[in-house]
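Written out below as structure tokens is the structure these notes cover.
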Amino acid sequence: MERVVAKDYVFHRDFSKQYPVITHAEGVYLYDEHGKRYLDASSGAIAANLGHGVTEIAEAMAEQAKKAGFVHTLRFETKVLHELAAEIGKMAPPSLNRVYFTSGGSEANESAMKLARQYHRDRGKPEKHVVIGRWQGYHGNTLGSLSAGGDSKRRKPYTATLAKFEHIHSPYCHRCPYKRSEEICQREKLLPCAEELERLIKEIGPESISSFICEPIVGSQQGAVVPPDGYLQRVREICDQNDIVFIVDEVMTGFGRTGTDFASEQFGIQPDIITFGKGVSAGYAPLAGMIVSDRIVDSLIENGDGHFIHGYTFSGHPVSVAAGLAAVRYYQRENVLSNCREQSVYLFQRLSELQQKHSSMGQIRGKGLLIGFELLMDRSQDRMFPPSFGAAERLNQEAIKRGATFYPGSGTIDGTNGDHLLIGPPLTITRDEIDELIAILDQALTAFELQVHKLIGKEE
């Protein structure tokens, strides 16, 4: 009898791959249908900040679904919406007090850029429409957020349809595009990576520029690159001087990922808009949004009849918001940020030890439990992999074989060259689990470096 093969109806992210099917998850672990366990060393996509199987979040979602599963926020609101907005508003800088919810980070950044545009238009400055982003920045995959971002691989297929936004270099002192050292910049109190923004503004004309958007720490595209001291403060000054809305994308860094509620506070700045996502619901439901300054909201009320000309069907979805409220309360009650800071010190220490053993590990950087390191053919020679080798993905596949998954990245330096691995486990991870993470990474690096030696042999 001919065997009947079940038809696959899924439009996969990559049809060339066979994906393990996860049946359940608990804590920092995922389990597939064959019983194999994976340590989730990247919190999915740096989203599952509280790990898996937190019963009270699931129960909060179910309870809200019983009360009201959907409410259209153009007509109605829910109590849980107001409760979560209040919690987030208390976490944000003092001048940011209004919270707008979306389903994902891409929508949050679209919303922020559109709000900035309306803010200027309502004030009688309709010519201010240009958005400035950064090369190697990432703000999402909708056309607007992709236009603002600087990931050349994601942009290339859609270049013809992208908005004509402008870009400057992201600060990357270890691979400075200006061929300077951080020590020299700090001594001379001059940061070319920040001054480039002012130069571009003068070139275009400040009367045309609406907003500047950036991540406080560059996440997926460069692997947790932290800006030099004074960079974000200088950007804040430049935006103020030119009447430009300063949007800080904390979709990845928010809700404790870097050891504080938002990374912005570690850099001593107050943006005009903070966008958030991922960790707000700890990945339990699609939820994101923006926190908006009083100045912009007051202008909207005074000059725009209080109406933001924008919206999504699932903005403020009550079940997703219930997940967010339960997650935020869990962060606070269980002192998760304290654990993040404590385990961060230990993880950096263990990675430094591992670096002494593996010549393929380059610079280690990051904050909290958002940590990355460069991948090199030979650290002693600072020799990079050819892009065709797919170094980061190869290393991650070796880790998956051994029971852990990380967040690989390529094009670290200029969109084409450079590889890195991003590490971002749940903020609830323990010291013993970090030891397991390091042991698996050690094994994966050993196997990976055997492949590297074969590559070097072929070249020679």
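Residue by residue, here is whether (1) among the polar types (S, T, N, Q); (2) outside the structural domain of GLN266 (by TED's automatic domain parsing); (3) within 25 Å of the chain's Cα centre (by Cα) holds:
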residue	(1), (2), (3)
ARG37	no, yes, no
ALA41	no, yes, yes
VAL80	no, no, no
GLY89	no, no, yes
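When you check PHE276 against the structure, is it farther than 21 Å from LYS128 by Cβ and either surrounded by fewer than 22 Cβ atoms within 10 Å (Cβ to Cβ) or of a type outside the set (Ser, Thr, Tyr) (or both), yes or no? When the stated conditions are applied, PHE276 passes them.
For the structure I just gave you, tell me whether ARG365 is among the charged types (D, E, K, R) and either under 21 Å from LEU427 (Cβ atoms) or outside the structural domain of GLN443 (by TED's automatic domain parsing) (or both). Here the answer is yes, as ARG365 does meet what is asked. Filtering segment 296-318 for residues that are surrounded by fewer than 20 Cβ atoms within 10 Å (Cβ to Cβ), closer than 21 Å to ILE438 by Cα, touching a residue at least 40 places away in the same chain (Cβ under 8 Å) and not hydroxyl-bearing (Ser, Thr, Tyr) leaves an empty set.
Within the set LYS125, LYS179, LYS156, the sole residue that is touching a residue at least 12 places away in the same chain (Cβ under 8 Å) and either exposed (fewer than 15 other Cβ atoms within 10 Å of the Cβ) or not assigned by TED's automatic domain parsing to the domain that holds ALA47 (or both) turns out to be LYS125.
What's the total number of residues in segment 31-51 that are in contact (Cβ under 8 Å) with a residue 60 or more places away in the chain and on the phi < 0 side of the Ramachandran plot? Before the answer, list the steps.
Going residue by residue through segment 31-51, those that are in contact (Cβ under 8 Å) with a residue 60 or more places away in the chain are 36-51.
If we keep only those that are on the phi < 0 side of the Ramachandran plot too, we end up with 36-42, 45, 47-50.
Matching residues across segment 31-51 total 12.
Out of GLY137, GLY133, one residue alone is at pLDDT 95 or above and assigned to a loop (DSSP other than H, G, I, E, B). It is GLY137.
Just checking, does segment 183-199 include any residue being closer than 30 Å to GLN332 by Cα and either part of a strand (DSSP E or B) or within 23 Å of the chain's Cα centre (by Cα) (or both)? Let's see the steps before the verdict.
From segment 183-199, those closer than 30 Å to GLN332 by Cα are none; that's our starting set.
No: zero hits.
The listed residues are GLU265, GLU203, GLU195, GLU207, and the only one of them that is surrounded by fewer than 18 Cβ atoms within 10 Å (Cβ to Cβ) and either under 28 Å from GLY324 (Cα atoms) or outside the structural domain of MET290 (by TED's automatic domain parsing) (or both) turns out to be GLU265.
When the strands (runs of 3 or more DSSP E) confined to segment 365-460 are screened for residues that are of a type outside the set (A, V, I, L, M) and either more than 26 Å from the chain's Cα centre (by Cα) or modelled with pLDDT of 95 or more (or both), those reaching at least 3 such residues are found at 370-375, 407-410. Within segment 405-433, the residues that satisfy the criterion of being farther than 23 Å from ARG379 by Cβ and among the hydrophobic types (A, V, I, L, M, F, W, C) are LEU427, ILE429.
The values are calculated or read from the model by the stated rules, or taken from the named source; none is laboratory data. Given the structure is predicted, the values throughout are model-derived calculations rather than measurements. All Cβ positions, even for glycine, are placed from backbone atoms using ideal geometry, and neighbour counts span all protein chains on display.
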